[in-house]
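Notes to accompany the following structure.
The values are calculated or read from the model by the stated rules, or taken from the named source; none is laboratory data. Quantities reported herein were computed from a predicted structural model and do not represent experimental measurements. Cβ coordinates were reconstructed from backbone atoms using ideal geometry, including for glycine residues, and neighbour counts include every protein chain displayed.
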Amino acid sequence: MQRVLGARVTVAGRAIGKIEQGLLIYLGVSATDEPEDVSWLVEKIANLRMFDEAGDGETKTTLSIKDIGGSALVISQFTLLADARRGRRPSFSAAAAPAQANELYQRFVQELGGHLPVQTGEFGADMQVSSVNEGPFTLVLEHPNPGGPA
């Protein structure tokens with residue numbers, strides 16, 4: 001996920017999602033991910049202090065996305081599960097099957113929407129994403145116990 005000043009996603013030349021300040025979240029779903037993992041991730045993202053308090057003169061991150069009234073743009077991206085350690089072509093065998101991935105993606109969007117405004121891309125579509133990364137400030141979050149809740 002990236003802290004952004006703004007982001008948008010288009011499909012076939014049509015803008016389908018757009019946010020101002022907030023988070024651009026690329027969500028990869030693995031074959032071992034479960035619904036409980038979604039809840040953990042949503043709570044972590046909604047409350048993670050990634051934003052600076054305006055005018056405090058410090059570079060500390062003291063505010064969450066909820067604190068600043070920010071939004072999230074969530075993009076499904078199975079390529080995050082790529083394994084390129086061997087050969088010249090990445091393997092995507094760790095990625096969830098499309099039906100499972102879409103179910104958990106939709107659940108993530110719905111649960112995150114209970115905390116803040118959420119826009120989305122289109123699951124499985126060829127999307128064009130543009131953003132203005134603030135910082136830059138980019139984090140990779142993974143469940144602490146792959147394959148199950150901690």
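Here are some notes:
- Candidate set: the range 69-94, residues that are aliphatic (A, V, I, L, M) and modelled with pLDDT under 95; chosen: the one nearest to Arg8 (Cα to Cα): Leu80
- All positions within the range 89-115 that are outside any helix (DSSP H, G or I) and more than 17 Å from Tyr26 (Cβ to Cβ): Arg89, Ser91, Ser93, Ala97, Gly114, His115
- Check on Leu5, assigned to a strand (DSSP E or B), of a type outside the set (Val, Ile, Thr) and touching an Asp or Glu at 6+ places or on another chain (Cβ under 8 Å): yes
- Long-range neighbours under 8 Å by Cβ, at least six apart or interchain, first residue closer than 14 Å to Gly114 by Cβ within the range 28-53, second at pLDDT 95 or above and basic (Lys, Arg): Val38/Arg107; Ala46/Lys66; Asn47/Lys66
- Scanning the range 1-17 for residues that are farther than 22 Å from Asp67 by Cβ and not hydroxyl-bearing (Ser, Thr, Tyr) returns Arg8, Val9, Val11, Ala12, Gly13, Arg14, Ala15, Ile16, Gly17.
- When the test is whether a residue is on the phi < 0 side of the Ramachandran plot, loosely packed, with under 15 Cβ neighbours inside 10 Å and of a type in the set (S, T, N, Q), Thr62 passes it.
- Residue check for Leu141: in a loop (DSSP other than H, G, I, E, B) and touching a Gly at 6+ places or on another chain (Cβ under 8 Å): no
- Number of positions in the range 93-122 that are farther than 15 Å from Ile65 by Cβ, touching a Ser or Thr at 6+ places or on another chain (Cβ under 8 Å) and not hydroxyl-bearing (Ser, Thr, Tyr): 6
- If only residues of the range 1-22 that are touching a strand residue (DSSP E or B) at 6+ places or on another chain (Cβ under 8 Å) and basic (Lys, Arg) are counted, the one that is farthest from Val140 (Cα to Cα) is Lys18.
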